[in-house]
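Worksheet: one structure, shown below.
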Amino acid sequence: MQATIALLPGDGIGPEVIDGAAQVLDAVAARHGHALTMTRSLVGASALRAGEPPLPAGTLEACLGADAVLLGAVGDPEFSDGPRERRPETALLDLRQALGVYANLRPAKVWPGLEDGGSLKPEQLRGLDLLIVRELTGGIYYGERGRTDDCTEAFDTMRYSRPEIERIATVAFESARGRGKRVTSVDKANVLESSRLWREVVTDVGTRYPDVRLEHQLVDSCAMLLVSNPHKFDVILAGNLFGDILSDEAGAVVGSLGLLPSASVGGSGGLFEPVHGSAPDIAGQDKANPVAAIASAAMLLRHALGANAEAAAIEAAIGAALDDGLRTADLAADGQPPLGCRAMTQAVIDRLGTGAVSS
Ligand code: IPM
Ligand code: MN
């Protein structure tokens with residue numbers, strides 16, 4: 001196989017975790033005889049510092065020309081108060097839209113051996129395996145927004161169209177078919193009109209999937225159930241904002257946001273990124289957990305390149321490293337010396353090919 005991957009390390013811990021993910025991709029490619037070309041481009045604050053806009057034209061071009069994009073993180077306190085066109089986060093929103101990746105898949109599972117590390121009791125966590133399907137290119141993130149001239153009022157608009165809801169609901173039902181056959185659709189239909197349409201359309205789409213059990217859950221109660229009875233859920237289908245909030249919560253439930261990968265698909269290629277942010281407080285200190293980025297690389301292999309065995313080999317290697325008790329700082333027990341980002345990456349590479357199918 002031959003493929004081009006656009007790497008966008010970005011800000012904060014982004015470069016460290018993307019270095020780790022790229023090393024793992026190189027190792028997998030070497031083992032399986034694939035030719036992966038990886039290019040690197042600036043995005044976010046790293047682009048702003050180089051005198052470029054947050055999403056430079058060259059970066060967008062590299063992404064559009066690649067088979068897939070792997071991004072670290074964007075966000076930097078230095079630029080957080082700037083105008084919209086000079087904020088690192090704008091790059092990510094524009095990139096998602098330009099790639100048309102409306103379906104954001106965020107699996108959250110408890111790795112064996114980490115049942116003691118989450119926010120819940122081990123018996124509540126054992127075997128937990130959720131998939132959040134988050135709508136990514138619509139809703140309040142992209143609605144009309146503004147301020148009054150005197151800046152005493154500001155507004156954002158939550159707007160969803162029937163086709164937008166239909167296509168993301170279809171992704172959720174299709175995903176559920178390959179898993180636990182349950183979809184929980186999240187909304188705030190007791191208050192918001194956009195949520196009432198969301199519920200109607202999801203119900204309609206659900207009639208085409210009689211083998212999948214559909215439940216509707218108000219977002220506030222979903223947030224509560226996620227920390228009291230997470231096994232209730234299989235696939236959680238949510239709009240852009242609710243999905244963003246619930247996925248951070250899911251990260252805490254399974255032990256650390258540093259474990260959660262994501263795949264954004266639906267358009268051309270695909271955009272793959274850890275769910276965590278740029279964590280400026282620990283940037284550049286070799287303290288970040290590379291697992292979310294490495295697992296995002298595995299999702300890239302599976303979803304963008306169809307390399308299922310290679311993806312499974314990476315996931316098995318992550319599992320083996322965690323099972324051996326290796327822990328980065330976010331996961332280490334009190335008194336346990338944590339592994340750095342580089343050492344954890346190497347531990348995963350050392351375990352590639354153990355216990356996994358290979359082609
Ligand atoms: C995420 C992030 C982004 C989002 C930010 C950085 C724009 O929080 O991917 O979850 O809100 O989508
Ligand atoms: Mn988020």
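Rule-based calculations on the coordinates, nothing more; no lab input. Bear in mind the structure is a predicted one, so any value in this text is a computation, not a measurement. All Cβ positions, even for glycine, are placed from backbone atoms using ideal geometry, and neighbour counts span all protein chains on display.
Before moving on, here are some points about what is shown:
- Counting only residues at least eight positions apart within a chain, or on another chain, the lysines with an alpha carbon under 23 Å from that of Lys188 are Lys232.
- Structure-based [θ]222 nm, the chain - -39500 (n - 2.57) summed over DSSP H runs of at least 4, per residue, nearest 500: -12500 deg cm²/dmol
- Rounded, prolate or oblate (a/c below 1.5 giving rounded, otherwise prolate when a/b exceeds b/c) for the range 98-215 by Cα gyration tensor: oblate
- Using every pair of distinct Cα positions in the range 196-313, the Kirkwood expression returns a hydrodynamic radius of 16.4 angstrom.
- Rounded is the label for the chain, because the ratio a/c of its alpha-carbon gyration tensor axes (a ≥ b ≥ c) stays below 1.5.
- Gap separating the Cα centres of the range 111-151 and the range 274-316, nearest whole Å: 17 Å
- Neighbour counts of C-beta atoms inside 10 Å place Glu315, Glu200, Glu85 in the sequence Glu85, Glu200, Glu315, starting with the fewest.
- Prolate/oblate/rounded call for the range 69-127, Cα gyration tensor, a/c under 1.5 rounded: prolate
- When Lys121, Lys109 are sorted by how many other C-beta atoms sit within 10 angstrom of their C-beta, beginning with the fewest, the order is Lys121, Lys109.
- Rounded to whole Hz, the Karplus (6.51, -1.76, 1.60) HN-Hα couplings of the range 22-32, x for glycine and proline: 5, 5, 5, 4, 4, 5, 5, 4, 4, 5, 9
- Cα centroid separation, the range 209-265 to the range 61-85 (Å): 25 Å
- Distance between the pseudo-spin-label points of Arg31 and Arg84 (7 Å out from Cα toward the beta carbon): 4.5 nm.
- Amide hydrogen proximity for Thr328: with H placed 1.01 Å from N in the peptide plane, the residues at 5 or more positions away or on another chain lying under 5 Å are Leu339.
- DSSP beta bridges in the chain [antiparallel fraction, %, rounded to 5]: 35 percent
- Phi-based couplings in Hz for the range 84-97 (Karplus 6.51, -1.76, 1.60; Gly and Pro marked x): 3, 6, 10, 9, x, 4, 4, 4, 5, 5, 5, 5, 4, 5
- Within-10-Å neighbourhood charge of Phe173 [Cβ basis; K, R +1; D, E -1]: +1
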